[in-house]
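Student: Below are the structure tokens for one structure; questions will follow.
The values are calculated or read from the model by the stated rules, or taken from the named source; none is laboratory data. Just so we're clear, the structure is a prediction, and the values are computed from it rather than from any experiment. Don't worry about glycine lacking a Cβ; one is built from the backbone with ideal geometry, like all the others, and counts go over all protein chains shown.
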Protein chains: 2
Amino acid sequence: MAQQHPAGNGAPSLDQARRQLSRYGLAADPQAVLVAARLMAAGARLGQAGEAHFARFGLSTGRYRLLAELEDHGGEKSPSQLAAALGVSRATVTGLVDGLERDGLVTRRPSVEDGRGNVVILTARGAQRLRDMAPEHFDRMQAMVAGLSVEERTVFLDLLARLVEGMSALTDG
Amino acid sequence: MAQQHPAGNGAPSLDQARRQLSRYGLAADPQAVLVAARLMAAGARLGQAGEAHFARFGLSTGRYRLLAELEDHGGEKSPSQLAAALGVSRATVTGLVDGLERDGLVTRRPSVEDGRGNVVILTARGAQRLRDMAPEHFDRMQAMVAGLSVEERTVFLDLLARLVEGMSALTDG
DNA sequence: CACCTATAATTAGCCTCCTAATCACTTGGA
DNA sequence: TCCAAGTGATTAGGAGGCTAATTATAGGTG
């Protein structure tokens, strides 16, 4: 078996990029393509690692983010606001809140100002869950970036932000 | 209208990180936490942008990656090999192949060497699909990273690779 | 040779996310 | 005032991931 992917899982190589480009006779820069592909692979990998991480606490990434967002806003927020803050659709928020409510980490209460609306409320149990997981959670977050110096982290944040801007190239037009 | 990404959504701030840490009296470095959170947010964002991108061609990220992997290996590979190469479960490959087979981009043939196994084969139509999308695909990939100079891309690849290593901190123990 | 375990693939069931359609309520204008 | 348009939330249905359980075959060993 000729094999060029030592790790195999999802980490594309420069050779792969070159092969693909030459196959179609395209003049794109292989390194640029590699950066894009690696970023995609890393994103997928991190997504999975994140799910595994949050699963320790009986949560998922989406559920954790929703709880954290609630706590960061005095413990209550409407589904629409949550959707906007988390960058997901309202339908997704409905699903997340359904699950969290089932587990007693959150409650729904009809909105006073707007008869159409709800308010999602962090319960004592939800707040406790966040407290319980905080030490380990932040410890692992920090450990994840421990391989970079403070300066490198600053550089990375800058480069990443510019790449995030560039992501619209995938969706525009 | 689902989701615009107006501002701040999915892009956590340093202040947020600081608030969270101080709420629990933790001594972690806010900047480190910020890097981790930003990377997660960027990964999610890129994942969505990628899906939108591939949807133009009637594919998804997973389906595209499977086709590309096939093409890169002479047009055939077993589901297990595909799962390993793509970094997903075999069950996921089964689902992806089901969809691709429905669209006629791929076929299954029983393996000759191993009576338990299959071989997934890229059809002419599948190869054509890859050819059709290549120019636009690689163009967009390149455009995504156009905000970075060649040197910056090199730096980014290095930093990203080290962060990817650190991701095991989320899943270990 | 028969058995027991390991492996290939699929199936079933769950979760997250999406879009589109629906229902309920608000609000602004004729 | 009442109706039309807009907005909040949910529902329905689809896709891609996962794990665990099932089915079929391969292979080594008593």
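Student: Restricting to the stretch B:88-113, what's the tally of residues that are of a type in the set (S, T, N, Q) and more than 10 Å from DNA strand D (Cβ to nearest atom)? Full working, then the answer.
Tutor: So the first thing to find is which residues in the stretch B:88-113 are of a type in the set (S, T, N, Q), and the list is B:89, B:92, B:94, B:107, B:111.
Then keep just the ones that are more than 10 Å from DNA strand D (Cβ to nearest atom); that gives B:107.
Total satisfying the criteria: 1.
Student: To continue, here is another question. Quickly run through the stretch A:159-173 and pick out the residues that are facing chain B (nearest Cβ under 7 Å) and of a type outside the set (Asp, Glu). Write out each step before concluding.
Tutor: Looking only at the stretch A:159-173, we keep the residues that are facing chain B (nearest Cβ under 7 Å), and these are A:159-160, A:162-167, A:169-171.
Within the stretch A:159-173, A:Leu159, A:Leu160, A:Arg162, A:Leu163, A:Val164, A:Gly166, A:Met167, A:Ala169, A:Leu170, A:Thr171 meet the criteria.
Student: For the stretch A:92-111, state whether one or more residues are within 21 Å of the chain's Cα centre (by Cα) and within 13 Å of another protein chain (Cβ to nearest Cβ).
Tutor: The answer is yes, given that some residue of the stretch A:92-111 is within 21 Å of the chain's Cα centre (by Cα) and within 13 Å of another protein chain (Cβ to nearest Cβ).
Student: Out of all the residues in the stretch B:31-59, which are surrounded by fewer than 18 Cβ atoms within 10 Å (Cβ to Cβ) and either more than 9 Å from every other protein chain (Cβ to nearest Cβ) or over 30 Å from B:Thr92 (Cα atoms) (or both)?
Tutor: If the condition is that a residue be surrounded by fewer than 18 Cβ atoms within 10 Å (Cβ to Cβ) and either more than 9 Å from every other protein chain (Cβ to nearest Cβ) or over 30 Å from B:Thr92 (Cα atoms) (or both), then B:Gln31, B:Glu51, B:Ala55, B:Arg56, B:Phe57, B:Gly58 are the ones that fit.
Student: I would also like to ask the following. State all residues of the stretch A:17-30 that are under 17 Å from B:Val145 (Cα atoms), outside any loop (DSSP other than H, G, I, E, B) and facing chain B (nearest Cβ under 7 Å); if no residue qualifies, say none.
Tutor: A:Leu21
Student: Is there a residue being among the acidic types (Asp, Glu) and more than 13 Å from every other protein chain (Cβ to nearest Cβ) anywhere in the stretch B:144-158?
Tutor: From the stretch B:144-158, those among the acidic types (Asp, Glu) are B:151-152, B:158; that's our starting set.
Still in the list and also more than 13 Å from every other protein chain (Cβ to nearest Cβ): none.
Among the residues of the stretch B:144-158, not one is among the acidic types (Asp, Glu) and more than 13 Å from every other protein chain (Cβ to nearest Cβ), which makes the answer no.
Student: In this structure, is A:Ala146 assigned to a loop (DSSP other than H, G, I, E, B), at pLDDT 90 or above and more than 15 Å from DNA strand D (Cβ to nearest atom)? Before you say what the answer is, go through the steps one by one.
Tutor: On the way: assigned to a loop (DSSP other than H, G, I, E, B): yes; at pLDDT 90 or above: yes; more than 15 Å from DNA strand D (Cβ to nearest atom): yes.
Yes: the conditions hold for A:Ala146.
Student: Okay, moving on. Could you tell me whether the stretch B:119-132 includes any residue that is within 30 Å of B:Ala32 (Cα to Cα), facing chain A (nearest Cβ under 10 Å) and either modelled with pLDDT under 95 or under 21 Å from the mean Cα position of the chain (by Cα) (or both)? Can you show your working first?
Tutor: Of all residues in the stretch B:119-132, those within 30 Å of B:Ala32 (Cα to Cα) come to none.
Scanning the stretch B:119-132 turns up no residue that is within 30 Å of B:Ala32 (Cα to Cα), facing chain A (nearest Cβ under 10 Å) and either modelled with pLDDT under 95 or under 21 Å from the mean Cα position of the chain (by Cα) (or both).
Student: Let me ask another. Among the residues in the stretch B:152-169, are any part of a helix (DSSP H, G or I) and over 30 Å from A:Arg140 (Cα atoms)?
Tutor: As a first pass, look at the stretch B:152-169 and keep what is part of a helix (DSSP H, G or I): B:152-166, B:168-169.
If we keep only those that are over 30 Å from A:Arg140 (Cα atoms) too, we end up with none.
No, that holds for no residue.
Student: Also, quick follow-up: Of everything in the stretch B:60-76 that's within 11 Å of chain A (Cβ to nearest Cβ) and within 21 Å of B:Pro110 (Cβ to Cβ), which residue is farthest from DNA strand D (Cβ to nearest atom)?
Tutor: Taking the stretch B:60-76 as the starting set, the residues that turn out to be within 11 Å of chain A (Cβ to nearest Cβ) are B:61-62, B:64-65, B:68-69, B:71-74.
Going one step further and asking which of them are within 21 Å of B:Pro110 (Cβ to Cβ), we end up with B:69, B:73-74.
Values: B:Glu69: 12, B:His73: 18, B:Gly74: 22 Å.
Step by step, filter the stretch B:60-76, then rank; the result is B:Gly74.
Student: So, one more: Does any residue in the stretch B:90-118 that is free of Cβ contacts under 8 Å to residues at least 24 places away in the same chain come within less than 7 Å, Cβ to Cβ, of a residue that is small (Gly, Ala, Ser) and more than 9 Å from DNA strand D (Cβ to nearest atom) six or more places away or on a different chain, and which pairs are these?
Tutor: Correct list of pairs: B:Arg90/B:Ser80.
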